[in-house]
Amino acid sequence: MGSYLELALQLTNVQILLLSVYLLIANSIYTQQADETTWNGNWIGEGTIFEIRVAVTNGIMQIHQIESMGFIWTSKDGTVEENIARVEVEYAGATGIIQAELVDKETAVAFAASCVPDFMVVCVLAKNQQAIFKKIDSD
């Protein structure tokens with residue numbers, strides 16, 4: 001049983017390594033091609049019905065809720081620099097910066113770059129987590 005667990009952990013580590021290498025390569029290639037209009041459109045959280053509409057003008061990102069799955073949250077205008085977007089979000093008494101990075105024209109990886117107060121359950125749960133968003137509609 002111990003060797004099975006060790007093998008499973010090794011496979012998981014290999015998968016994480018391969019995904020990281022893929023993201024680094026894709027990011028370095030895509031960074032040269034990204035412009036702010038790539039962000040514009042509807043995005044859905046992979047494996048969910050959580051959907052947002054993104055509009056970027058002159059480096060300023062606005063997020064509009066389409067389907068929030070019952071979550072009550074607000075966001076301020078964010079910023080876009082090449083393939084990186086940063087938006088302040090407030091949810092359940094916590095405030096944080098969500099950072100999203102375009103992997104390609106139809107995929108973004110988002111994570112909580114900051115979350116305060118850090119003792120809030122939502123901040124604890126968000127720590128070291130990421131979400132994949134897929135573009136489903138363009139402007």
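The values are calculated or read from the model by the stated rules, or taken from the named source; none is laboratory data. All figures in this text were calculated on a predicted structure; none of them were measured in a lab. Positions of Cβ are backbone-derived with ideal geometry, glycine not excepted, and every protein chain shown enters the neighbour counts.
Suppose the filter is in contact with a Phe, Trp or Tyr (Cβ under 9 Å, 6 or more places away or on another chain), of a type in the set (Phe, Trp, Tyr), closer than 18 Å to residue 53 by Cα and assigned to a strand (DSSP E or B); does residue 133 pass it? So that I can check it myself, show each step before the final result.
Working: in contact with a Phe, Trp or Tyr (Cβ under 9 Å, 6 or more places away or on another chain): yes; of a type in the set (Phe, Trp, Tyr): yes; closer than 18 Å to residue 53 by Cα: yes; assigned to a strand (DSSP E or B): yes.
Criteria met by residue 133.
As an exercise: evaluate residue 67 against (1) surrounded by 13 or more Cβ atoms within 10 Å (Cβ to Cβ); (2) modelled with pLDDT of 95 or more; (3) within 20 Å of residue 115 (Cβ to Cβ) and give the number of the one condition it does not meet.
Here residue 67 clears every test but (3).
Is there a residue in the range 73-85 that is touching a residue at least 60 places away in the same chain (Cβ under 8 Å), in contact with an Asp or Glu (Cβ under 9 Å, 6 or more places away or on another chain) and part of a strand (DSSP E or B)?
As a first pass, look at the range 73-85 and keep what is touching a residue at least 60 places away in the same chain (Cβ under 8 Å): none.
For the range 73-85, residues touching a residue at least 60 places away in the same chain (Cβ under 8 Å), in contact with an Asp or Glu (Cβ under 9 Å, 6 or more places away or on another chain) and part of a strand (DSSP E or B): absent.
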